[in-house]
Structure formats: structure tokens, C-alpha cells
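To start, the structure under review is shown below, and the notes come after it.
Readers should treat all values here as calculations from the given coordinates under stated rules, not as data from a laboratory. Note that this is a predicted model, so its numbers are computed, not measured. Neighbour counts are summed over all protein chains in view; Cβ atoms, including those assigned to glycine, are modelled from backbone coordinates with ideal geometry.
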């Protein structure tokens with residue numbers, strides 16, 4: 001494995017705890033900080049650029065930019081109608097740079113799965129065991145709020161972990177990496 005690919009994977013790995021923080025903060029406060037989104041964008045752009053230099057093809061970065069623009073255009077009207085928060089729109093626009101253009105299918109399928117689970121839990125909190133989490137889900141249901149940043153972040157984390165593991169296996173495992 002080349003040093004550029006290893007650095008690219010390291011930048012993606014650094015995004016995982018930040019995505020976890022974004023998910024927790026969005027779940028607890030329904031806010032996604034611009035600072036976190038910008039940091040994720042920088043990590044994603046850096047990882048994409050290193051990988052593009054290694055492969056000699058800018059296709060993945062271009063596909064990520066096109067996907068981000070398409071997601072912004074599709075979700076902007078929902079933000080205007082107050083159906084989706086601005087932080088959620090910014091976060092989902094940045095995630096194609098983190099996951100890479102060629103792995104957007106994996107991210108999209110995971111996002112669909114986690115979004116359905118999140119919506120089901122918020123709309124049907126009686127499915128949860130008794131406790132503080134259930135009370136909070138009932139509170140979210142009364143407010144009519146679904147923290148959409150949580151499934152976005154979890155889907156991005158799973159997609160990044162899938163990429164790291166598949167690249168390490170594809171390059172002969174962790175022994176080759178070390």
C-alpha cells in the first residue's frame with residue numbers, strides 16, 4: 001500500500017469520531033455546528049485528493065462534487081419548507097466527499113436503512129424499552145422533530161469503515177500496511 005493511500009485512509013478514519021460527535025450533538029440538541037461540517041469537508045477533500053493523486057484519476061472527486069451538488073439542489077426546497085434542518089442539508093452535502101463517489105451506493109443504502117429506523121423510533125417510541133431514551137423519543141415525537149443528522153452520520157461511519165476494511169484486505173491485510 002502506498003503512503004498516499006494510507007494517508008487517505010487515515011484522514012477518513014479521523015472523520016469517524018467527528019461523525020460520532022455530530023450524531024450525538026444532533027440527537028441531543030438538534031443542531032449541527034458549521035465548524036464540524038467544515039472539518040468533515042476538509043478531511044473528505046484531503047482524503048479524496050490523496051487518493052486521486054495516487055490513482056491518477058480525478059473521477060472519484062468529480063463524482064463526489066456532482067453528488068454533493070445534486071443533494072444540495074434536491075434538499076434545498078425541503079429546507080425552505082422547514083422539513084429538513086440546514087445542518088442536515090450541509091452534512092449530507094459533505095458526506096459524498098467522505099465516502100467517495102464510487103461508494104455512494106453503499107452510503108445511500110445504509111442511509112435509507114438508518115433513516116427508516118430513526119423515523120420509526122421517533123414516531124413509535126413505545127417500541128423502545130422504558131427509560132430515559134424512550135422519554136426523549138416521545139419528546140421528539142411531540143415536537144415533530146426527527147434528528148436526520150444521526151442516520152447520516154451513522155451511515156457515513158459504516159461506509160467509511162467498510163472502505164477502510166476493504167482497502168486493507170485488498171492490499172494484503174494489515175501486515176502489508178504496517
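Tell me, 162, 51 in order of fewest to most beta-carbon neighbours within 10 Å?
Lowest count first: 162, 51.
What ranking, highest mean first, results for peptides 8-19, 84-95, 27-38 when packing means the other Cβ atoms within 10 Å averaged over each residue?
84-95, 8-19, 27-38
Quote the FRET efficiency, to the nearest 0.05, computed for residue 24 versus residue 65 with a Förster distance R0 of 25 Å and r equal to the Cβ-Cβ distance.
0.30
Let's test this: bin the Cα-Cα distances of region 48-120 at 5 Å from zero up to the farthest pair and state each bin's percent.
Here the calculated profile for region 48-120 is 3, 16, 21, 23, 18, 10, 5, 3, 1.
Suppose the chain between residue 169 and residue 55 were pulled fully straight at 0.36 nm per residue; how much longer would it get relative to their current alpha carbon spacing?
Extra length from residue 169 to residue 55 when fully extended: 39.3 nm.
Could you give the length gained on full extension between residue 81 and residue 117, defined as 0.36 nm per residue of separation minus the Cα-Cα distance, in nm?
The span from residue 81 to residue 117 would gain 10.6 nm if fully extended.
Fewest to most neighbouring Cβ within 10 Å: what's the order for 157, 152, 169?
169, 157, 152
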